[in-house]
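One structure is given here, and the rest of the page talks about it.
The values are calculated or read from the model by the stated rules, or taken from the named source; none is laboratory data. Computed from a predicted model, the values in this text were never measured in an experiment. Positions of Cβ are backbone-derived with ideal geometry, glycine not excepted, and every protein chain shown enters the neighbour counts. Side chains are part of the model used for accessible areas, which takes the heavy atoms of the whole protein and leaves out ligands, DNA and RNA. Shrake-Rupley method; radii C 1.70, N 1.55, O 1.52, S 1.80 Å.
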Amino acid sequence: MFTWANFFSQVFNGLALGALLALISSGLTIIYGTLGVLNLAHGAMFMMGGYAGYVVFDATGSFILAVAAGALFLLVVGVLLERIVIRHFYHRPHEDQLLVTFGISIVMVEAVRLIFSSLSKNVPAPPLLSGITSLGITFYPTYRIAVVGIVAVALLVLYFVLYRTKLGMIVRAGIEDSEMVDSLGIDVHRVFMVVFGIGAMAAGFAGIVNAPIVSLTPDVGEAILVQTFVVVVIGGVGSFPGAVLGGLIAGEIISITSMIDPAYAYIMLFAAMTLVLVLRPYGLLGVRGRE
């Protein structure tokens, strides 16, 4: 039965989910736009960020330290992966990139399963953000409202780094023409390392921020990876604003459709992606770039 209170709650659910998808997708689209690497390990990175935060929270009881740990741990993991593995696949076919990142994803998932088992783990919301808040027409979990603000701040920081710093200028130039950046004497390989680390850090940060909403399991990154790729396609590959817009659209589609019939949530999401591909093949805010 339709009620405005239920509809309003679902809109907020979509906003919270969309914000998380936007953050994860921004990392994925930065990596692909700059490095040209299709990273199928991004969902596993999201999962590992949650588990890294869980370990720190279990040891310290501090949610802030858990969030910092989830982000920083994946920054280190991303940098190491780029240095040891990914750098050797920049000029390889996309099929090779898909296979190696898919293999990395499997290793990550099974390593976490070996250490923590398949049983779900919980990270509670901090006491200040627990409980519910009245929004007038309905009541809503306080932490989900906070997630929208937390992710918005994280996206603003990413936007500042990409559009207001020298590193961001180099990254955006690399998205357009990495060979030209290299010819200007800039060490693009070091930039690539930083970019991959930032993309992984965004996934890890989202993973621990999402932990109080959805229990942690080794497979939690699988569904989010599919949604993330759909978001990137809708928003436009390589477009940071497109990742944000695509994330919000995808979140609302999934949430509102779930209110009507959950079985059709992903059908409608893929239908929206198909419509975008038909009408604008490079995404809503994408431009013609890498083939």
Hey, residue 180 part of a helix (DSSP H, G or I), open to solvent by 50 Å² or more (accessible area, probe 1.4 Å), more than 26 Å from residue 49 (Cα to Cα) and of a type outside the set (Lys, Arg) or not: yes
All positions within segment 196-210 that are closer than 16 Å to residue 28 by Cβ and either β-branched (Val, Ile, Thr) or free of Cβ contacts under 8 Å to residues at least 24 places away in the same chain (or both): 198
Tally, over segment 83-100, of residues that are surrounded by 17 or more Cβ atoms within 10 Å (Cβ to Cβ) and either at pLDDT 95 or above or hydrophobic (A, V, I, L, M, F, W, C) (or both): 3
Checking residue 122 against (1) at pLDDT 90 or above; (2) open to solvent by 50 Å² or more (accessible area, probe 1.4 Å); (3) more than 22 Å from residue 214 (Cα to Cα), the condition it does not meet: (3)
Test: residue in segment 137-149 that is more than 25 Å from residue 220 (Cα to Cα) and of a type in the set (S, T, N, Q): yes
Qualifying residues in segment 211-260 (those that are closer than 21 Å to residue 29 by Cα and among the acidic types (Asp, Glu)) - the one surrounded by the most Cβ atoms within 10 Å (Cβ to Cβ): 252
Given (1) out of contact with any Pro (no Cβ under 7 Å at 6 or more places or on another chain); (2) open to solvent by less than 10 Å² (accessible area, probe 1.4 Å), index of the condition residue 47 fails: (1)
Scan of segment 192-210 for residues that are closer than 16 Å to residue 85 by Cα and over 11 Å from the mean Cα position of the chain (by Cα), ordered by number: 192, 193, 194, 195, 196, 197
Condition broken by residue 65, with the remaining ones in (1) over 18 Å from the mean Cα position of the chain (by Cα); (2) open to solvent by 30 Å² or more (accessible area, probe 1.4 Å); (3) in contact (Cβ under 8 Å) with a residue 40 or more places away in the chain satisfied: (3)
Hits in segment 1-35 - residues which are small (Gly, Ala, Ser), open to solvent by less than 10 Å² (accessible area, probe 1.4 Å) and at pLDDT below 85: 33
